[in-house]
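Q: Sharing a structure with you now.
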């Protein structure tokens, strides 16, 4: 069979081949890829086609085998690769080490800022942070409960101001 005859027979089947490729893949882009690969293989191995046999069956068999081989390849790779968004299966090993570098740096910076607070504000604030009730702090320092609440409020306000001042410089957009 000459190349012109081969091409003519193949062109006659192109519409059916495209439909068959779409039926196999259920996706337009994958169907186009399958059709293109089938065309490439048919042209590459046209000398293996025996004149007098069913050309349509030969080409459709090439397409079906390409699809099956691709499917098997994807099944094998899906067993190895995890495509879930949360990566639960990838990170579910016994020895997972979390990188806490960012949070450690932030805590160190926050501790430094708290350490720079006036002692009259820092001590009640830290006690409240550690879980002491306002009443317990007031009794320890022999202060009215309103004064303790005010000291903690002013400590928070000063911390907020210091944090904004420190990070406004780092993230200022000019």
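Rule-based calculations on the coordinates, nothing more; no lab input. Worth saying up front: this structure is predicted, and the values here are computed from it rather than measured.
Q: Determine how many Å³ per residue the convex hull of the Cα atoms of the stretch 101-170 encloses.
A: Here the figure is 77 Å³ per residue.
Q: Mind checking the alpha-carbon convex hull of the stretch 3-80 and giving the volume per residue in Å³?
A: 91 Å³
Q: Further question on the same structure: Can you tell me which of 67, 40, 141 moves the most in a GNM of the chain? Springs connect C-alpha atoms under 10 Å apart.
A: Evaluated over the chain, the most mobile residue of the options is 141.
Q: When only Cα pairs under 8 Å and 6 or more residues apart are kept, what is the percent relative contact order across the chain?
A: So the answer I get is 13 percent.
Q: If you take the Cα Rg of the chain and divide it by 2.2 N^0.38 Å, with N the number of residues, what do you get?
A: Normalised Cα radius of gyration, the chain: 2.33.
Q: Let me ask you something else. For the chain, what does the helix formula give at 222 nm: sum of -39500 (n - 2.57) over DSSP H segments with n ≥ 4, over the residue count, nearest 500 deg cm²/dmol?
A: Computed ellipticity for the chain at 222 nm equals -24500 deg cm²/dmol.
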